[in-house]
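Undergrad: Starting off with a structure, shown below.
The values are calculated or read from the model by the stated rules, or taken from the named source; none is laboratory data. As the structure is a prediction and not an experimental result, all values here were calculated from the model. Every residue, glycine as well, gets a Cβ built from its backbone with ideal geometry; the counts of neighbours run over all protein chains shown. In case anyone asks, the SASA skips ligands and DNA or RNA and just uses the protein heavy atoms, side chains included. Shrake-Rupley method; radii C 1.70, N 1.55, O 1.52, S 1.80 Å.
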Amino acid sequence: MKLFHYLRTPYHIPLLTLAAPMILSNISVPLLGLVDTAVIGHLSHAHFLAGIALGSGSIALLFWLASFLRMSTTGEIAQAYGERNQTRALQSLFASLTLALTFALTLVVLSPLLLQLIEQLANPTPQVMEQASIYFSTRIYSAPAAMMNLVLLGFMLGLQYGKGPFYVVLFTNLVNIVLDLIFVIGFEWGVAGAAWASVIADYSALILACVLTLQLLRRKGWQFSILTPDRTQVLHLLSLNKDIFIRSLVLQLCFSFMTFYGARLGDNTLAANAVLLNFLMLVSFALDGIAYAAEAKVGQSKGEKNVTKLKAWVNVSVFWGSVFALLYCVIFAVFGELIITSLTSIPSVIETATSYLPWLVVLPIIAMSCFLFDGVFVGLTRAREMRNSMIISAVCGFFLPFLIMKDLGNHALWLSMTCFMALRGITLIYRYRKLVGQQALLK
């Protein structure tokens, strides 16, 4: 089998060395991010916890939609690194930072309108909305730091420095933990304390990211200077970010539909789906780490104009993605019920979640290709293909199967999610093979 030819190549250790810090940073985010909830959850009233859940969830959605900033930066910088083109890299960096700051300031200006939209969509009690408003109105001021951090993380990853993003993410969460304990428990600032802890953590992380970036440039022998990108470069970056943003928006639409429609099927179903979506989060720990490494390696190979290396990195990434995906399938099959009971102690939710567990057992290997080839196309800076794949998969892979099988209830939702993941992988693989056949990978 051609894929196993790459078992004898020297590509494995560099890929895993780059992926490992990203996997660790992925794990640290949800594990350490539980501190906000744990600290607030020990206050006197439930509306504090509900308020921070609504406020932080809304912020997380906005910041997650900004992930296009990291993805586009990684692809652009990786290609510039492969070309050994310092000028292009620094021009792309400052163009991305400018875009990040513009996007962040827009969110800050629109925050009162966003709060009104959140209230209309969620329809919370006045006490919950009051706490959510306190959190959101404070935390939104961390947007400039959070957005610029995404760019700097993408820059470091594009230059093959996987440890940098790990240090930044870990530092952010540790600062957040310490300040949560001081502000919420020590100073008794409540939800506002949790929000300020996150704001300070984000700006502290930005300082660290800037220091690590400057150190990285010195190690690479690159001279730091502010370079203004030309018009063509700016237009290319805007187009790239636009397509990745649309892709992220459609992806979030599908996951949001699962949550909102699940709510219509009853509290037990809603809670069970929330538990089972944690399984997908576990899958993303490893597969996103491999995908991030693929972004950097594929982008570098494209910059070097080396098709042989590019295809080798793709094959090695798929190999390790398959290994991790199969491992997850086995873990979920053997320990799935144990994982469910560790996430909830409510008997009815455990019973409901267990009945849908078989979908999660097969989902890792089905979803593997969409995770990995997202990374490949980021490295190739072919965002249009990612956008088109996502739209086709959402319409034909998610909503169409759901409409056809709607009478199956929650099984229809999980069937649709499975078809959605599968079609994303199929369409991206098809497009990749077409580029290979047309010898257009470097275009």
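Undergrad: Using θ = phi - 60° and the Karplus form 6.51 cos²θ - 1.76 cosθ + 1.60, what ³J(HN,Hα) does each residue of the stretch 276-287 get, whole Hz, x for Gly and Pro?
TA: 6, 5, 5, 5, 5, 4, 4, 4, 5, 3, 7, 5
Undergrad: Most fluctuating residue of Q116, Q131, Q160 in a GNM of the chain with Cα springs under 10 Å: which is it?
TA: For the chain, modelled as a Gaussian network with Cα springs under 10 Å, the answer is Q116.
Undergrad: Starting from 0.36 nm per residue, how many nanometres of slack lie between Q439 and L16 once their C-alpha separation is accounted for? Provide the component values of the computation, followed by the final result.
TA: On the way: separation 423, 0.36 × 423 = 152.28 nm, distance 2.78 nm.
Stretched out fully, the Q439 to L16 stretch lengthens by 149.5 nm.
Undergrad: So how much accessible area does H411 have, in Å² to the nearest 10, using a 1.4 Å probe?
TA: We get 70 Å² for H411.
Undergrad: Another question, if that's okay. Probe radius 1.4 Å, ligands and nucleic acids ignored: give me the carbon and sulfur share of the accessible area of the chain as a rounded percent.
TA: Ligands and nucleic acids excluded, carbon and sulfur reach 67 percent.
Undergrad: Can you check how the C-alpha radius of gyration of the stretch 335-375 compares to 2.2 N^0.38 Å, as a plain ratio? Can you show the working numbers first?
TA: Values: Rg = 13.2 Å, N = 41, 2.2 N^0.38 = 9.0 Å.
Its radius of gyration relative to the 2.2 N^0.38 Å reference: 1.46.
Undergrad: Show me, bin by bin at 10 Å from 0, the whole-percent P(r) of the chain based on Cα pairs.
TA: 4, 20, 30, 28, 14, 3, 0
Undergrad: Here's something else I'd like to know. Multiplying the sequence separation of I207 and S239 by 0.36 nm and subtracting their Cα-Cα distance, what value in nm do you get?
TA: Stretched fully, the I207-S239 segment lengthens by 8.6 nm.
Undergrad: Here is a further query. How much length is gained on full extension from L343 to K305, taking 0.36 nm per residue of separation minus their Cα-Cα distance?
TA: Between L343 and K305, full extension yields an extra 8.9 nm.
Undergrad: What list of ³J(HN,Hα) values in whole Hz, one per residue of the stretch 71-82 in order, does the Karplus curve 6.51 cos²θ - 1.76 cosθ + 1.60 (θ = phi - 60°) give from phi, with Gly and Pro shown as x?
TA: Values, residue by residue: 5, 5, 5, 4, x, 5, 5, 4, 5, 5, 5, x Hz.
Undergrad: Compute and list, largest first, the equivalent-ellipsoid semi-axes of the stretch 63-206 from the alpha carbon gyration tensor, each √(5λ) rounded to a whole angstrom.
TA: Result for the stretch 63-206: semi-axes of 33, 19, 10 Å.
Undergrad: Also, I was wondering about something else. From the phi of every residue in the stretch 303-312, what ³J(HN,Hα) in whole Hz does the Karplus formula 6.51 cos²θ - 1.76 cosθ + 1.60 yield, where θ is phi - 60° and glycine or proline is x?
TA: With coefficients 6.51, -1.76 and 1.60, one gets x, 7, 6, 10, 5, 4, 5, 4, 5, 5 Hz.
Undergrad: In the chain, with Lys and Arg counted as +1 and Asp and Glu as -1 at Cβ, which of these residues, G379, V349, L115, has the Cα nearest the positive end of the dipole, that is, farthest along it?
TA: Value: G379.
Undergrad: Given Cα pairs under 8 Å that are at least 6 residues apart, what percent is the relative contact order of the stretch 171-290?
TA: Normalised by residue count, the contact order of the stretch 171-290 is 13 percent.
Undergrad: Separation between the Q127 and R231 pseudo-spin-labels, each 7 Å from Cα along Cα→Cβ, expressed in nm?
TA: 6.0
Undergrad: Given a Förster radius of 22 Å and the C-beta distance between L327 and F255 as r, what FRET efficiency does 1/(1 + (r/R0)^6) yield to the nearest 0.05?
TA: 0.40
Undergrad: Can I ask one more? Would you kindly give the portion of the calculated P(r) for the stretch 187-242 that falls above 18 Å, as a percent of all Cα pairs?
TA: Distances greater than 18 Å cover 64 percent of the Cα pairs.
Undergrad: A further question on this structure: So how long is each side of the stretch 254-396 along the principal axes, counting just the alpha-carbon atoms, biggest first, in Å?
TA: Between the extreme Cα coordinates on each principal axis of the stretch 254-396 lie 57, 31, 19 Å.
Undergrad: What pairs in K305/K434; K220/K434; K406/K434; K220/K443 have C-alpha atoms more than 30 Å from each other?
TA: With Cα atoms farther than 30 Å apart: K220/K434; K406/K434.
Undergrad: Further, regarding this structure: Accessible area per residue for the stretch 258-299 in Å², computed with a 1.4 Å probe and the full protein assembly in place, what is it?
TA: Roughly 32 Å² per residue, with all protein chains present.
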